[in-house]
Structures are given as structure tokens and as C-alpha cells.
């Protein structure tokens, strides 16, 4: 069974509590993907956003949902290491076409509470060609090292500290690989691969997110994003576009 959904994301707010000075806010917002880079040692950062969704399986069910999510990011011990807690609170209004299930029902509460950590394994360094004064060709040529991404790894667990409408048995391990290509000062590509509950073939889930971002101005950027969730029950695909503004 396949599901397609189009999302339009807009401006998402980010708040940062800083224990040391930093002139760069390393935020994952407003997209759903995550960079391999940490916020920095002794930096505590909060990122929040709101969402509204509509899902439809023909002859099965349709649902409308809205809610908010919060990501708490904290860098400690190592510059490349970051600890993360992700929480989602949502409200679902579901209408069923399946006879054995209730015709309609509503669910609300904390639907996700994930804790984990990520580590930047490899950071790609790029040549500053703006300082090249001897050769115009060399200064304007593409740096093929940019094809090789920076790489991060993630390990965490989906806890069961959620609302009664969203509880499942036990906790689910989650691992991921985070890639980042900076093809130019303006154009970036972020690719994420996640595997959840991989120890249980009946509940295992594979997820990918690909986000392309283009900087229009120092404070403005646009992005396009696609996401896929693959498991033994269904294949779900999402696509979205968005606009970001740094406040």
C-alpha cells in the first residue's frame, strides 16, 4: 500500500540558550532532515515547530492531524558530539471505512519521545578559491571534493513515555547515517537514512529524508524535501517545499 502526501512548510522558530559565544546558529529547521554537525560544546539549543497533516487511504481510512514538536540539542564532552531529545505532541481525528474498527475516533497526547546522540565522523574541508588570483579558471572551477559529504552517525531509542493512545510494547532502537554536501555557498544537500526497530522484522521501519536548500539572502532560504517510510505494512512518501527566515 502506498501513500503520497504533499506538505507545505513555512517559517519555524528556533531558540538557543548559549553557554558560550557562537555567531552561527546550527539549526535543522525548518526542514525535517538533520545535519551531521553538532551545536558545539556546552551549547544548549531548543528547536520547535508546528505541523498540520492530512492522510488518506482509499477504502480504508482518512485522518487529519495537527500538533507541535520540540527538539532539545545539547553539545557536551566533544565538539563533534551532541545529545538529542525529540518530543511530538499531536491531535488526530480519524474516520474509518473498516467495518471491524470504530467508525471514527480521536487521539491526542505525546506521540513520540526519542532520546539519542549523534557524532560527526568526518567533516569535509573545502578549498577557499576566492583567494586564487593567478588563474581565473581555477578560481571558478568546481571543487570535486564537494561531492564527498560530511558524515555523521546517530544512535537512540524511541521510548514508551508517550500518551496512552500512542503506546506500544517496549522501546525501539533507532540508528541513522547523516550526510551533508555543500555544493556551493548557496546550495546544500542533506541526506538522512534511519532504521528503527530493526531487531523485530514485523515492526522494523526504514526511513530516508533528502533536503535541498538554496540560500537567497543572508536571512532567507528556500528548500525542497522528500521523505519515505518503508515497512512491511505500507510504503509512505512525502514531498514538501518551504521558506525559511532567520529571526
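Some points to look at:
- Segment 68-219: C-alpha pair distances exceeding 21 Å, %: 63 percent
- Within segment 39-81, all pairs of alpha-carbon atoms sorted by distance into 10 Å bins from zero give the percentages 24, 26, 21, 17, 11, 1.
- Note on segment 134-199: Cα-Cα pairs beyond 19 Å make up 57% of the total pair count.
- Taking segment 219-236 and a reference point 7 angstrom along Cα→Cβ of residue 243, the backbone N atoms nearer than 17 Å belong to 219-225.
Read-outs: derived from the displayed coordinates by stated rules, not from any lab. Just so we're clear, the structure is a prediction, and the values are computed from it rather than from any experiment. Don't worry about glycine lacking a Cβ; one is built from the backbone with ideal geometry, like all the others, and counts go over all protein chains shown.
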